[in-house]
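Right, one structure below, let's go through it.
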Amino acid sequence: MAPAIPGFDHRRVPVADGVELATAVGGSGPPLVLLHGFPQTHLMWRHVAADLATVYTVICPDLRGYGASGKPAATDPSVYSKRTMGADVVALARALGHERFALAGHDRGALVAFRTALDHAPAVTHLACLDVLPTLDMWEAMHGATAAVGFHLYLMAQPPGLPERMIAADPDTFFAHFLDQWTADPRAIPADVRAAYLRACREAIPSIVADYRASAGIDADHDRADRENGTVLRMPVTVLQQDWGAALGYDAAALWRAWAPDLDHRTVSSGHFMAEEDPAGVAAALRALLAR
C-alpha cells in the first residue's frame, strides 16, 4: 500500500482547464494550505499535517506537475510559472469552500506560496516559507564555486530537450542525490516514502524541469516587477532556513525583510527536509505564526 497521511481524505480537485490537483484534506477549523517541495509530494507534510489537523483544516495538494496532480504540457513559460501555480492554490482553496486561508510552503512550494501571497494578498492571512530565498534573490545570491550546490538550478534552466534527456537517462540517481545530500537525518525519509518520491519524480520529469525553467525566466521577471513597484507582503510572515547565508555570503533575514515587513526569521539546525526531520519544531513555528 502506498504511504499516505493518516486520517486524511484524498481527492482530485479541478483548479484550471484540464488541471486537477491531487489533494489530501484533514482536520477541522481555520484553513491551512501546505505546499511541498522538490523532489517530493504532499506526503512530506505527513507528520506536520497530522499534528496541525487537531486545530486546523489542513489542505495538502501535490503541486501542478508533481505527484498525482495534472501535468499539462509546457506550451509556454506561463504554464509552470509560480503565478499560474499560485492561481491553482487559490482555486483549490475556493473549491473547498475557503476564500481566505493561511499558507505554508517548502522549497518549490515556498516559491509558489510567496508568489500566491503577492498576487492574492486578500486571500492569504499568514505565510510561511521554508528553506528558500525569493526567486530573484536566489539568483543574485548564487555566484562562484559555492553555487555548485545549486547545479540543478542551472541544468534545468537550459532550453527544452537537454535537461530532460539527461535526467531521464538515470532519474533515480538524479533525484535520490538531493534526498541523500540535503538530509541531515536519513531516517526521516523511510524506504517506502523515499520510493514514493522517486516514483513520482520519474513520472514527472518534463513538468519538474518546466517548473525549474520558469524560475530562471518568467518567475524572476515577476519578482523583478514587484521589487521595482515596491510590492511587499502585508500579512505576518515566518521564514525557517538553514544557514545558507553563511556559506554563500548573504544576509538571509535582510533579503526576506525587504519583502516582508512583519517577519519572523529563524535559522534551523535540521537539514533541508525540516518538516520530516523536525516536524514538531515546524508545527510549533506554524502554530506561532497563526497566533500572530
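We did not get these values from a lab; they are worked out from the coordinates using the rules stated. Because the structure is a prediction, the values reported are computed rather than measured. When we count neighbours, we look across all protein chains shown, and the Cβ atoms used for this are built from the backbone with ideal geometry, even at glycine.
Step by step: find N for region 97-213, compute 2.2 N^0.38 Å, then divide the Cα radius of gyration by it. What's the final number?
Computed over Cα atoms of region 97-213, the ratio equals 1.20.
Taking amide H positions as placed in the peptide plane 1.01 Å from N, state which residues far from His265 in sequence (5 or more) or on other chains have amide H under 5 Å from it.
Under 5 Å from the amide H of His265 lie the amide H atoms of Val239, each far enough along the sequence or on another chain.
Place a point 7 Å from Cα of Ala284 in the direction of its Cβ. Which residues in region 183-200 have their backbone N less than 20 Å from it?
Zone members listed by number: 184-185, 188.
Top mean-square fluctuation among Ala225, Ala22, Ala204, Gaussian network model of the chain, C-alpha springs under 10 Å?
Taking springs between Cα atoms under 10 Å, the residue moving most is Ala225.
Sequence-distant or interchain residues sharing an amide H contact under 5 Å with Gly37, placed H: which?
His106, Gly109
Arrange the peptides 174-186, 116-128 so that the one whose residues have, on average, the most other Cβ atoms within 10 Å appears first.
Order by mean packing, descending: 116-128, 174-186.
Under the rule of -39500 (n - 2.57) per DSSP H run of 4 or more residues, summed and divided by the residues of the chain, what mean residue ellipticity at 222 nm is obtained, to the nearest 500 deg cm²/dmol?
-12000 deg cm²/dmol
Just grab the label-to-label distance for Arg234 and Arg292, each label 7 Å out from Cα along the Cβ direction, in nm (one decimal).
1.6
Would you please give the residues with an amide H less than 5 Å from that of Ser69, counting only those at least 5 places away or on a separate chain, with H modeled from the backbone geometry?
Long-range HN contacts for Ser69: Ala22.
Which one of Ala2, Gly230, Ala148 has its Cα pushed farthest toward the positive end of the charge dipole of the chain, where Lys and Arg give +1 and Asp and Glu give -1 at the Cβ?
Working it through, the farthest residue towards the positive pole turns out to be Ala2.
What is the ratio of the Cα radius of gyration of the chain to 2.2 N^0.38 Å, with N the residue count, to two decimals?
0.91
Over 10 Å intervals from 0, what percent of Cα-Cα pairs in region 153-292 sits in each interval?
10, 27, 36, 24, 2
Identify which of Pro159, Pro61, Pro134 has the largest mean-square fluctuation in a Gaussian network model of the chain, with springs joining Cα atoms closer than 10 Å.
Pro159
Evaluate the distance, in nm, between pseudo-label points positioned 7 Å from the Cα of Arg12 and of Glu99 along their respective Cα→Cβ axes.
Calculated label separation equals 3.0 nm.
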